[in-house]
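The values are calculated or read from the model by the stated rules, or taken from the named source; none is laboratory data. Here the structure is a predicted model, which means the values were calculated and not measured. Counting neighbours? That spans all protein chains shown, and the Cβs are built from the backbone with ideal geometry, glycine included.
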Ligand code: SF4
């Protein structure tokens, strides 16, 4: 049974609840006007874009830039226009088509979600947040994003860009600090108009503002539609002295890089690859073995030294 009220009204952490309700309520109007005039023309914002496409795009966009996602998304939806089409292909095809988007576990998660949608939801992406959350590999952010951006429902959706804009505009902090759902979701909720369409547009506008204008370094405040209501700007841009969000670990030399190199070998081969054939991808044998073991653990590779290693077939 779905509990929409739980999804749309998260617990509030009163210690971090914003002080000025009027200020929060009235950033929506200028943001919506700005978004309608300035938002990028992206596939998932076009009329008639399918909910399945929104789900795929939201998963691809996690930790991956828009410019890299758009061509891969279009190819993906051409090949697999519905969840059932993807479910009918082996997981290895999804991993291959993921190509170099990074974090390829997302391809397996998407395949598993597509299979559940095809088998349990009549090949229709669910609308309800709790039903979306029940799909394999779908987390809170993605579930909310699909409910709002595909179906236009009223829920707060919070990503790193949203957290930065709200921290600056509402809390007067230059940085949002570590993610915290009990604080972040009520803060976003507090600026959403009651009207569903306006609420969805406001959420998308805050995200877009964080991506284009209120960027991490050097925000373009002169071009900001809420500059006259921004608490951080009004306070003279004080330095942030609270806890900071953890920085992403360096990619070069990391196990992530080695995993990516091994995955490229597996993707490029139609037959199992031996451990010896993997050896040239990285000089450090211990790190190479660790990366291969983690790929096997994640289900992104299958096999052993006797039969060789390959992508998962089904
Ligand atoms: S005025 Fe500047 S810091 Fe404030 S929300 Fe706008 S871009 Fe961000």
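Summary of computed values
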read-out: Lone unmet requirement of (1) surrounded by fewer than 22 Cβ atoms within 10 Å (Cβ to Cβ); (2) over 22 Å from residue 231 (Cβ atoms); (3) under 18 Å from the mean Cα position of the chain (by Cα) for residue 178; value: (2)
read-out: Which numbered condition residue 11 fails, given (1) within 22 Å of the chain's Cα centre (by Cα); (2) at pLDDT below 95; value: (1)
read-out: Count of residues meeting criterion [within 17 Å of residue 269 (Cβ to Cβ) and either in contact with a helix residue (DSSP H, G or I) (Cβ under 8 Å, 6 or more places away or on another chain) or buried (at least 17 other Cβ atoms within 10 Å of the Cβ) (or both)] in the stretch 292-311; value: 11
read-out: Residue check, residue 117 crowded, with 20+ Cβ neighbours inside 10 Å and either within 28 Å of residue 31 (Cβ to Cβ) or touching a strand residue (DSSP E or B) at 6+ places or on another chain (Cβ under 9 Å) (or both); value: no
read-out: Hits in the stretch 130-150 (condition: closer than 16 Å to residue 60 by Cα and in a helix (DSSP H, G or I)); value: 140, 141, 142, 143, 144, 145, 146, 149, 150
read-out: Residue that is nearest to the ligand (Cβ to nearest atom) [pool: residues in the stretch 212-237 that are more than 18 Å from residue 170 (Cβ to Cβ) and modelled with pLDDT under 95]; value: 218
read-out: Residue 265 vs. criteria in contact (Cβ under 8 Å) with a residue 12 or more places away in the chain and surrounded by 14 or more Cβ atoms within 10 Å (Cβ to Cβ); value: yes
read-out: Qualifying positions in the stretch 217-234 - surrounded by fewer than 17 Cβ atoms within 10 Å (Cβ to Cβ) and out of contact with any helix residue (DSSP H, G or I) (no Cβ under 7 Å at 6 or more places or on another chain); value: 217, 218, 220, 222, 223, 228, 234
read-out: Selection count where residues are more than 23 Å from residue 235 (Cα to Cα) and within 16 Å of the ligand (Cβ to nearest atom), scope the stretch 154-203; value: 4
read-out: Residue 102, sole failed condition from (1) in a helix (DSSP H, G or I); (2) farther than 25 Å from residue 230 by Cα; value: (1)
